[in-house]
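Visitor: Below are the structure tokens for one structure; questions will follow.
What follows is calculated from the coordinates using simple rules that are stated; it is not laboratory data. Every value quoted in this text rests on a predicted model; they were computed, and no experiment measured them. In this analysis, Cβ positions are derived from the backbone assuming ideal geometry, glycine residues included, and neighbour counts consider all displayed protein chains.
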Amino acid sequence: MNVTDELRPCPFCGGKARIKHLYYVDGDDPTHSKVECGTCHIGTTYYVYQYGDRNVIDIWNRRSDELDR
Ligand SMILES: [Zn+2]
């Protein structure tokens, strides 16, 4: 299952959210990740990737819950 399937739509424009990663120049694993709307580009800040994408997915979805009412 693709993790992006867990992402809620953007709370501002309803666009499809996606995960972005930052890498060291020579690194294989991401150093930071964030969730960003593919349409209006609003998103979370970058979080350390130590625990994977789970962290930013939860933050994004929680924010979407708070604003979507
Ligand atoms: Zn948006």
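Visitor: Once the Cα gyration tensor of the chain is found, what semi-axes does its equivalent ellipsoid get, as square roots of 5 times the eigenvalues, in whole Å, sorted largest first?
Guide: In descending order the semi-axes read 22, 12, 10 Å.
Visitor: On a 0 to 90° scale, report how tilted helix 54-67 is relative to the longest principal axis of the chain, with both axes built from alpha carbons and the result rounded to the nearest 10.
Guide: It is inclined by approximately 20 degrees.
Visitor: Using 0.36 nm per residue, how much length does the chain from Tyr51 to Lys16 gain when fully extended, once their Cα-Cα distance is taken away?
Guide: Length gained, Tyr51 through Lys16: 10.3 nm.
Visitor: Right, something else. Be a star and scan segment 41-69 for residues whose amide nitrogen sits under 18 Å from the point 7 Å along the Cα-to-Cβ vector of Thr31.
Guide: Within reach of a label on Thr31, which here means backbone N under 18 Å from a point 7 Å along Cα→Cβ, segment 41-69 contributes 45-53.
Visitor: For the chain, what is the charge dipole size about the Cα centre, in debye to the nearest 20, if Lys and Arg each add +1 at the Cβ and Asp and Glu each add -1 at the Cβ?
Guide: Using Cβ point charges on Lys, Arg, Asp and Glu, the chain gives about 280 debye.
Visitor: How high is the relative contact order of segment 1-44, in percent, counting Cα pairs under 8 Å that sit 6 or more residues apart?
Guide: Relative contact order for segment 1-44 comes out at 31 percent.
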